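Here's the structure, in structure tokens; my notes come after.
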Amino acid sequence: MKPFALIALLLITADLAWWWKSDSLLRHARNPGRWRVFLACFMGLVVGGLASLLALRASGRFSENAFPSVLFALVYVWHLVVLPPLILLWILSALLGKTRKLLRPSPPLPRPTPAPEPLGALPRRTFLGAALTASPALIALGATARGLSSLDHFRIRRLEVPLASLPPSLDGLSIAHVSDSHVGRFTHGRVLEQIVHSTNALDADLVLFTGDLVNYSLDDLPAGLELLKGFRARHGVVAVEGNHDLLADPRRFRKETAAAIPLLVNESLRLNLGASTIELLGLAWGGSVESLLQKRQNPGALPLLLAHHPHAFDQAEGIPLTLSGHTHGGQLMLNERLGVGPAMFRYWSGLYRKNQRALVVSNGVGNWFPLRTHAPAEITHLILRRAEPT
């Protein structure tokens, strides 16, 4: 079975299992009809939405714009944020119950018969069971609403990056680092104009884009290319590709993007900046940093690496500065140090240093997923500073 089909089967199985378990609990609630109708409507919505999305993508006729944003976001939030911990807690609870039975030394004493509840009162256990059963759906709906309300928000993050190998003439070089726009369902329309305006307002020497221009469909590529062509910088705009850019048709993406703007796919580009020269090295998604470094044409120029995945930094020996994206700042973080970011990546947001080298990881300015916590979307404004070797 293909991985895509296996994931689809597991998700739908988890949906149906949770629905069956929740419905079983609700049958014992007072006035169960209303609770069960609510649960059936919600689960029908998320299961039907997921099945439709999976069927269209498997058929090759997937179009994100065919779905309302609310339904699209709800399916994502439910299946990637709410449902997994529910299933995990359900499994752990079942295992704990079996363990207690095995360790119990003797049969439990019979419990006294509880006093009857007053007429008109809802039994406490019944109420709590119904509330706990309905709360995951309410959490998913609330998180979806919160995420959709903040999709157009991003910040300008300013960082000074000290580099020992920076030529004196490049001290103060200004770079607008833009990444992960994910033009598509969750990043489109007016926010693209805001991204262009905010980036150009930085009056940067360079605008460097580190991948994931579009979210999935190349129907959104024209809007993404308009975004890139709208950027202005004294010494140019340069981009590399990300994994989402290649999901539909890698050849078409590369051809059309390269026709609109310099796109480095395992290539280098030399730029003369006054008295000094820099060499931009663009890593293809899945490419080898070692092979790219062997293609350097200007050993006397200051090299800067553009790589969508931040772990390329570990292989970038001799490269004073690497710019990356991909992580979305961890996307779902409890604070700056706890969350999805450190669980999945060695580097997930901001400035990192190793010996005389530096890495800057952008949170990304767009969204493939409709919810962020403690990982705001951003455009990163970098100022390079000459530093003494340490």
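Taking label positions 7 Å along the Cα-Cβ direction at both residue 203 and residue 12, the computed distance is 5.8 nm, reported to one decimal. Rounded, prolate or oblate: which one fits the stretch 146-195, using the alpha carbon gyration tensor with axes a ≥ b ≥ c (rounded when a/c is under 1.5, else prolate when a/b beats b/c, else oblate)? Prolate, since a/c reaches 1.5 and a/b exceeds b/c.
Provide the per residue accessible area, probe 1.4 Å, for the chain, rounded to a whole number of square angstrom. Don't skip to the end; give the middle numbers.
Numbers: 19730 Å² over 390 residues.
Roughly 51 Å² per residue, with all protein chains present.
In summary, the aspartates and glutamates within cross-link reach of residue 295, defined as a Cα separation below 17 angstrom excluding same-chain residues under 8 places away, comprise 267, 279, 317. Summing +1 for each Lys or Arg and -1 for each Asp or Glu among the other residues whose beta-carbon sits under 9 angstrom from that of residue 365 gives -2. Of all lysines in the structure, the ones whose alpha carbon falls short of 25 Å from that of residue 98, not counting any fewer than 8 places away in one chain, are 21. Taking θ as phi - 60° and the Karplus parameters 6.51, -1.76 and 1.60, the scalar couplings of the stretch 293-307 work out to 5, 5, 8, 4, 9, 10, x, x, 7, 6, x, 10, 9, 10, 9 Hz in sequence order, x denoting glycine and proline. Springs between alpha-carbon pairs under 10 angstrom, Gaussian network model over the chain: which of 368, 90, 18 fluctuates most? Maximum fluctuation in the GNM of the chain, among the listed residues, is at 90.
Shape class of the stretch 158-291 from the Cα gyration tensor (axes a ≥ b ≥ c, square roots of the eigenvalues): oblate, since a/c reaches 1.5 or more and a/b does not exceed b/c.
Order 188, 326, 197, most accessible first, counting only protein heavy atoms with a 1.4 angstrom probe.
Values: 188 95, 326 40, 197 130 Å².
Sorted by accessible area, descending: 197, 188, 326.
Hey, which lysines would be in cross-link range of residue 255, C-alpha to C-alpha under 17 Å, not counting anything within fewer than 8 residues on its own chain? Within the straight-line limit of under 17 Å, residue 255 reaches these lysines: 229. For the chain, a Gaussian network of Cα nodes joined below 10 Å ranks 325, 147, 236 by mean-square fluctuation, and the top entry is 236.
Modelled label positions at residue 92 and residue 260, each set 7 Å beyond Cα in the direction of Cβ, lie 4.6 nm from each other. Distant-in-sequence amide contacts of residue 273, defined by a placed amide H-H separation under 5 Å and a gap of 5 or more residues or a different chain, comprise 278.
The values are calculated or read from the model by the stated rules, or taken from the named source; none is laboratory data. Here the structure is a predicted model, which means the values were calculated and not measured. In this analysis, Cβ positions are derived from the backbone assuming ideal geometry, glycine residues included, and neighbour counts consider all displayed protein chains. Ligands, DNA and RNA are excluded from the accessible area calculation, which covers all protein heavy atoms including side chains. Shrake-Rupley method; radii C 1.70, N 1.55, O 1.52, S 1.80 Å.
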